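Everything on this sheet refers to the single structure shown next.
The values are calculated or read from the model by the stated rules, or taken from the named source; none is laboratory data. These figures come from a predicted structure and were not determined experimentally. Cβ placement follows ideal geometry from the backbone for every residue including glycine, while neighbour counts extend to all protein chains displayed.
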Amino acid sequence: MRPLDPDRALAQIDSRALLDARDEQAFAAGHLAASGHIPREDFVARRAELPPREVPVLVVAEDAARAAEAAEALEMLKYRDVAYLDAPLARLPGGRADRGPAARLWRPAPLLEEALTLLSDLETGRRRARPPQALDVACGSGRDAAYLALHGFQVEARDHDEEALARARDLAGRNGVTIRTVRCDLERPGLRPPRRRFDLVTCFRFLHRPLFPWMEAALAPGGHLVYETFLVGQERFGRPRRAHFLLEPGELARAFPGLATVRYEERDPEGGPVMARLVARKPDRR
């Protein structure tokens, strides 16, 4: 981690995510514009709200010592580029001038952001009598589910882990939206499809091959599937390493025979991760 004096911190504000690590009362009394807010003691519990680990971060706090402690805590969470304000926050111009809501530091899966833009283009001119319905499969801590809710979807999020579902509800609530969570063993044999059908089904970094027909059945006619998970080759860079959790090349492209492919790609960038990405559409009965 690197200490930055106020002048150097100001020079890097536009190139770093700004994280205010003070308590709720201090943040509400005034903060730096465009800063996110998570108290230092909540970093682990609210890990889903932190920025991606590869994003450079600037930590600010009431004084330099507390900012350094928070920066060290981020490094322990394997953040790669952490700097902190080596001065009281009041030393920064406008450091306590803003009283608006905290900026959103977390991000959904990049494919979800891309897909929503693509699907918006595909849906141009189509009128809906109700908000679009989305199902997030293996939702984890809920970033993708909350992102969908922020974009107008009514979201059902499923996972086997009740603690993860609680974090997902909390994340959505802190961002001013609600999601419906369902505890569900997605690997249980004979799992019945949801009673209702969805305009969008999403699944990221989860693989259970018997679930493929289940996800296809959960789609409404005209609905879309957005799916991304790991390919063989990922074991060179870390988890998952077992073949059971790794797709073979081309496997995801063939996994949903009842859907029409909108976009498919396989990625093997230097340093990983090795992924397959699919956007597909269920034919409309009309």
Problem set entry | Members of the stretch 143-196 found to be of a type in the set (D, E, K, R), within 21 Å of Leu225 (Cα to Cα) and buried (at least 17 other Cβ atoms within 10 Å of the Cβ), listed by number | Arg143, Asp144, Glu156, Arg158, Asp159
For this session: Within the stretch 215-234, track down each residue that is surrounded by fewer than 17 Cβ atoms within 10 Å (Cβ to Cβ) and either at pLDDT 95 or above or more than 13 Å from Ala276 (Cβ to Cβ) (or both).
Result: Ala217, Pro221, Gly222
For this session: State whether one or more residues within the stretch 258-278 are farther than 16 Å from Gln133 by Cβ, in a helix (DSSP H, G or I) and either more than 19 Å from the chain's Cα centre (by Cα) or not charged (D, E, K, R) (or both).
Result: no
